[in-house]
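**Q** Okay, handing you the structure first.
Where a number appears in this text, it was derived from the coordinates with a stated rule and is not lab data. The model shown is predicted, which means the values in this text are computed figures rather than measured ones. Cβ: placed from backbone, ideal geometry, glycine included. Neighbour counts: every protein chain shown.
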Amino acid sequence: MNKLIFSAAAALLALPGLAAPAAAQSNEIVIGITTSTTGPAAALGIPERNAVEFVPTEIGGVKLKVIVLDDAGDPTNATTNARRFITEAKADVIMGSATTPPTVAVSTVANEAGVPHFGLAPMPFTPAREKWSVDMPQPIPIMGKVLYAHMKKNNIKTVGYIGYSDSYGDLWFNDLKAQGGPLGLQLVAEERFARPDTSVTGQVLKLLSANPDAILIGASGTAAALPQSTLRDRGYKGLIYQTHGAASMDFIRIAGKAAEGVIMSSGPVMAPEGQPDTALTKKPGLALNTAYEAKYGPNSRSQFAGHSYDAFEVLKRVIPVALKEAKPGTPEFREAIRKALISEKEIAASQGVYNFTEKDRYGLDDRSRILLTVKDGKYVVLPED
């Protein structure tokens, strides 16, 4: 088991082992992870935290010290955690968070301080935040493309959209317009809701009045089940599409019968058993799911567990390269990790094969996605063509 420290953000100063950061400069690599283990995004953050139990205890012969803090999905908390990782724990690497707004906040801190950062939720990149940050989840355009292609194949002409009233909702809404428009998909209604909302009845009634052929839900975690259930309860009969932010067993549990027939883009970690042996994502996907389900029960696998697990798969490739140039705990080591993220290619992980560049901070291609539906309460892989 890794040397893990789980704590609330406010207790970081009291964490054992943080009072002597100089030890980390030669004897260990410090990795700080901020994610949402409480709050509305806990269904995403808890699997991300749990997956850390199955990652290496050392890389390149150097022990890892992993600190996991809860930010409750709040960008302010995530910012505080990131700054404490840097100033008090002298972190060599930062990861997080579980949702887009706090991930952007962590990226800002990491790029200001010059510390490698692995985002665990899709986020928009700007020149100010692309030098030190990479993102583990699949980029929206890759995941959206397979959904819009399915819509076109099924003669969908008009589409309604309901998504979060934050940056994740914006990313999907903008992608629907950018990729769906050229395919002939007409956007006829747009509605938004906040992550903590417990009702979307008003938004759903407006969508129903527009009578779209299909509806795309731009949400994540268990909250993605709210519009799904409300649409079906109110009698909507058209196709409903969900993003990879909803790809978890909890979605089916919460949505119940309303989940039947949903069309969802997902990372391959949700169904590695069906991949050919030549798929580079199959072995790490099976390794993660086997370990995860052995501890947390059958069908507990999660796309979100794959994000944090895969960050360590990447580190297994880049840290040995960085150690040839500098020692942990130094700016030179952090710079060496940054450079190795770009120089190392075809890094196989459970959710995709990573090839980061200076401008492509996701580093993924079509190998990072599958198409799912729900049948009889279980996920079933759909062919893309």
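**Q** What distance in nm separates the simple spin-label points at N27 and A149, each placed 7 Å from Cα in the Cβ direction?
**A** Between N27 and A149, the simple spin-label model gives 5.2 nm.
**Q** Seen from all sides and averaged, what is the projected area of the convex hull of the Cα atoms in region 206-348, in nm²? Before the final figure, lay out each step's value.
**A** Details: hull surface 47.6 nm².
Mean shadow area of the hull around the Cα atoms is 11.9 nm².
**Q** Taking the Kirkwood radius as the inverse of the mean 1/r across Cα pairs, report the Rg/Rh of region 235-286.
**A** Details: Rg = 13.5 Å, Rh = 12.6 Å.
Result for region 235-286 is an Rg/Rh of 1.07.
**Q** With everything on Cα atoms, drop me the angle between helix 75-87 and the longest principal axis of the chain, reported from 0 to 90° to the nearest 10.
**A** 20
**Q** May I ask for the angle, rounded to the nearest 10°, between helix 282-296 and the longest principal axis of the chain, with both axes built from Cα atoms and the value confined to 0 to 90°?
**A** Approximately 90 degrees, to the nearest ten.
**Q** Next question. Which residues among region 89-116 fall inside the zone where the amide N is under 15 Å from a point 7 Å beyond the Cα of A326, along Cα→Cβ?
**A** Hits in region 89-116 for A326 at 15 Å: 90-94, 111-116.
**Q** Something else now. Could you grab the relative contact order for the chain? Cα pairs under 8 Å, six or more apart, rounded to a whole percent.
**A** Details: 868 pairs, mean separation 64.9, N = 385.
Across the chain, relative contact order equals 17 percent.
**Q** Taking only Cα atoms, what is the 0 to 90° angle, nearest 10, from helix 331-343's long axis to the longest principal axis of the chain?
**A** Orientation of helix 331-343: about 40 degrees from the principal axis.
**Q** Right, next: Please give every one of the lysines within straight-line cross-link reach of K282, meaning a C-alpha to C-alpha distance under 19 Å, and leave out same-chain neighbours fewer than 8 residues apart.
**A** K282 reaches K316, K345.
**Q** Something else now. Looking at region 325-381, I'd like the Rg to Rh ratio, where Rg is from alpha-carbon atoms and Rh is Kirkwood's inverse mean 1/r.
**A** Numbers: Rg = 17.1 Å, Rh = 13.8 Å.
We get a ratio of 1.24 for region 325-381.
**Q** Here is a follow-up. Can you show me the helix-derived [θ] at 222 nm for the chain, built from DSSP H runs with n ≥ 4 at -39,500 (n - 2.57) apiece and divided by the number of residues, rounded to the nearest 500.
**A** Values: 12 runs with 139 residues, N = 385.
That calculation yields -11000 deg cm²/dmol at 222 nm.
**Q** Quick check on region 84-174: what does the Kirkwood estimate of hydrodynamic radius come out to from the alpha carbon pairs, in Å?
**A** Numbers: mean 1/r = 0.0684 Å⁻¹.
14.6 Å is the Kirkwood radius here.
**Q** Can you pull the semi-axes for region 135-281, root of five times each eigenvalue of the Cα gyration tensor, sorted largest first, whole Å? Show your work: numbers first, answer last.
**A** Numbers: eigenvalues 108, 66, 44 Å².
Ellipsoid semi-axes (Å, largest first): 23, 18, 15.
**Q** Here is a follow-up. Provide the three semi-axes, in whole Å and in decreasing order, of the ellipsoid equivalent to the chain as defined by the square roots of 5 times the Cα gyration tensor eigenvalues.
**A** On the way: eigenvalues 255, 86, 72 Å².
Largest first, the chain gives 36, 21, 19 Å.
**Q** Mind checking which aspartates and glutamates have their Cα closer than 12 Å to the Cα of K375? Skip sequence neighbours fewer than 8 apart in that chain.
**A** Cα-Cα hits under 12 Å: E260.
**Q** Oh, and also: Can you give me the P(r) profile for region 278-385? Cα pairs, bins 10 angstrom wide beginning at 0, each as a whole percent.
**A** Calculated P(r), rounded to whole percents: 13, 36, 30, 15, 4, 0.
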